[in-house]
Structure formats: structure tokens, C-alpha cells
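Accompanying notes for the structure given below.
Computed from the coordinates by the stated procedures, all read-outs in this text should not be read as laboratory data. Computed from a predicted model, the values in this text were never measured in an experiment. FYI the Cβ positions are ideal-geometry reconstructions off the backbone, even for glycines, and counts take in every protein chain you see.
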Amino acid sequence: MRNKKILVAVLNWGLGHATRCIPIICELESQNFEVILASDGDALLLLKKEFPHLRTYSLPSYNIRYSKTSLFFTWKILRQTPHILRTIKEENKVIETLIEKENIAGVISDNRWGAYSKKINSVIITHQLNVISGATTFISSKIQQKQLGNFEECWVPDVEGENNLSGRLGHLRTKKLKINYLGIISRFKKQEELLSIDILIILSGPQPQREILENKLLKEFKSFKGNVIMVRGIVESQQIIERKEHITCYNYMKSEELETFLNISKLVISRSGYTTLLDLTKLQKKAFFIPTPGQPEQEYLAARLKKLNIANSCKQKDFNLKMLETTDNYSGLVGFNGSCDLGSFFTLFQSE
């Protein structure tokens, strides 16, 4: 009997959606599924680097343009809604074609809303059961929940109980949707190592805000006396390592290398993107978060962790080195009981 083919379709919005699918792809392969990957842009490039032996396909790009200021961020996204909806329809046509061409048995979509088919079992991975979008939160959440109905199941990378990571983002009162909680998933494993790096800076997310934060941190850390590593979050054909003052900068790191650096770092400075939170929780790290300006979800997650006394955070424009002196007042991302058996979720694709 031939191995069943599973299409994993990943959103290209920063690198977080791609990186959190890495353990799922690995587990699918260990369960003898044949995995086919689909995405676009940097997310697709990263997946090709991580899984050079797997077949890949390009999906239509959403080509979302971002504002340089937080004031107009949400408005600029809303203005692109008609284009996004057209892209979702185009994406769905491509998915249906791939299903026929490759004889695909199931689809796992990470936040790609057109990556489903009524002909086969399709699931979506998302932590956004509610969409926090400022004044439009209620409407955007209802639209999101309606879209979830196109999928057989919704897999949430979080734990179900009260001691959870996503808060109201990933938890609903309604029982109308079939929701399964994957636990705290991450491509990384915790290792007990000597903490030899003082600060590890991980940059991520869409331009231009990624570069704006990079320039600000390079300026701020000129006066810092410790050992600083910066991962710029730019996926290119070759790894580039540069020395800027006393900061060692990498354009990107593959999973194994980044795992090592995370494990030996005393403090991580990063965006409060949800996949980053999953990774740092898995490794039980101390962190300082700088949410992407104008992204209500990141602002909510950072504020929630600060209120729970887990990790400090601030607005991008307000960051200075003195704020890092408060790190010891916060517990770090520890105490989440989120281990799970990913393979148990794949029984959906085993039925004929």
C-alpha cells in the first residue's frame, strides 16, 4: 500500500508559520506519510532549506503591504481586504489542482484560508479563534470563525486549560467548531547548557518594521558591554555573518544552530509573535518582548505576559537598555504543561 500524501500549506507572514510547522512535518514523515509542501516567498524558501528532500509548490502570494507607522497599520491591512479575498479564491483553485495532480489524501493549512477542499479531510492550524483588531475585533472574530467552518478540524497550538499561552486568542466558549489543542509545539528541544551568551536578539516579521527595529537595537546596544548575537531574520541563499561593533549578526540560522544559541542565551529579545512564544516556552527562556507596532495581537500577547509577571515588554519607540534591568523581576516562560503526541492527531488522515 502506497503512503498517503499530505499537503502542508503555510502562510508567508514572517517566518513563524513556517517554523512552527517543522515539528508537524517531521512527525508526519515519522508516521510514514508522504509530505508535499506549499507556500510562497521567504516561508517557502525556509521550508526548502529545512526539507530539501520534499517536493514543493508555490502558492499565490498575498503581497500584503505594511505601514511604516503603527497609526495606519490596521487601516492599510483593511484596505487590502478585496485583494486578499481574491487571492484566497485563487489559492483554493491551485489547491484543488494539486489535489488532483498529486492524489493528495489530506491538507494541513497553517493560516492559509484557501488551502482546503471539500473532497478530502482538511484541517487548519491557527491560534486565532478570536482576531484582536482594535475597534473591529468583534466583526473580524466572527468572520474568522465562519472561515473555520471550511475545515474538518481546527488545531490550536496551545493547551486547553486556564494556564495557557494564547489567552482569549485561542479559546472560545462556543462548542460549534471542532477544536483540538496541539499543546506547546516547537521545533526546538531544551538542553541544559552553560549560559554563555548575554543577549540573543531574534528579528522577525514583515518589513519595514523588521528593519526599523534592527537599526534601533544596533544603536542602543553600542554601549552594551556583554556578548550579543543578532539573528536578522533574512532568509538568503547563503548564511552571512558580520561583526557590527561588538554585536555578531547572522542573516539567518537553520533550526539546529538557532536551537543551540537559544539554549545558551541568558535573555532573548524578540517580537511577541505567537510562534516565538511557543519556542521560548518550550525552552523555558527569559525574554523581553517588543511587539510589532500596530499589530494588536502581538501587543495583546506582550501585555498579557507582562501582567502575568512572565516577561517584560515595551513599545518599539520606547526601548532602551535600562529596561533590561527589570528582567529578574519576571519568571520567564516556564510552568506551561503542554507536551503532546502529535501523531495522535493524524488519525483523521488514516481513514479510507
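Quick look at the values:
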{"item": "Built amide H within the under 5 Å cut-off of residue 110, gap 5+", "result": "9, 10, 11, 125"}
{"item": "Mean separation of Cα contacts under 8 Å (6+ apart) over length of the chain, as relative contact order %", "result": "16"}
{"item": "Order of 120, 36, 310 - criterion: other Cβ atoms within 10 Å of each residue's Cβ, fewest first", "result": "120, 36, 310"}
{"item": "Sites matching trypsin sites (Lys or Arg not before Pro) across segment 259-352 that sit in DSSP coil, with at most 13 neighbouring C-beta atoms within 10 Å", "result": "315"}
{"item": "In Hz, Karplus ³J(HN,Hα) per residue of segment 328-336 (6.51, -1.76, 1.60; θ = phi - 60°; x = Gly, Pro)", "result": "5, 7, 10, 6, x, 8, 10, x, 9"}
{"item": "Sequence of 193, 299 once ranked by neighbouring C-beta atoms within 10 Å, starting from the fewest", "result": "193, 299"}
{"item": "Convex hull volume per residue for segment 89-196, taking Cα atoms only, in Å³", "result": "173"}
{"item": "Value in Å of the Kirkwood radius, where the chain supplies the Cα pairs that are averaged", "result": "20.9"}
{"item": "Length released on extending from residue 81 to residue 97, taking residue separation times 0.36 nm less the Cα-Cα span", "result": "3.3 nm"}
{"item": "Equivalent ellipsoid dimensions for segment 197-329 as semi-axes, Å, which come from the Cα gyration tensor, largest first", "result": "21, 16, 16"}
{"item": "Residues 27, 245, sorted so that the one with the fewest Cβ neighbours within 10 Å comes first", "result": "245, 27"}
{"item": "Rounded to 5, the percent of DSSP beta bridges in the chain classed as antiparallel", "result": "10"}
{"item": "Helical contribution to [θ] at 222 nm, DSSP H n ≥ 4, -39,500 (n - 2.57), averaged over the chain, rounded to 500", "result": "-9500 deg cm²/dmol"}
{"item": "Options 248, 41, 260, ranked by Cα towards positive dipole end of the chain, top entry (Cβ charges)", "result": "41"}
{"item": "Label-to-label distance, nm, for residues given as residue 323 and residue 303 (7 Å Cα→Cβ offset)", "result": "1.5"}
{"item": "Peptides 210-217, 153-160 ordered by average Cβ neighbours within 10 Å, highest first", "result": "153-160, 210-217"}
{"item": "Which listed pairs, of 286/317; 118/285; 4/189; 225/317; 219/254; 146/315, have C-alpha distances above 30 Å, in listed order", "result": "118/285; 146/315"}
{"item": "C-alpha center-to-center spacing [segment 20-49, segment 274-294] in angstrom", "result": "22"}
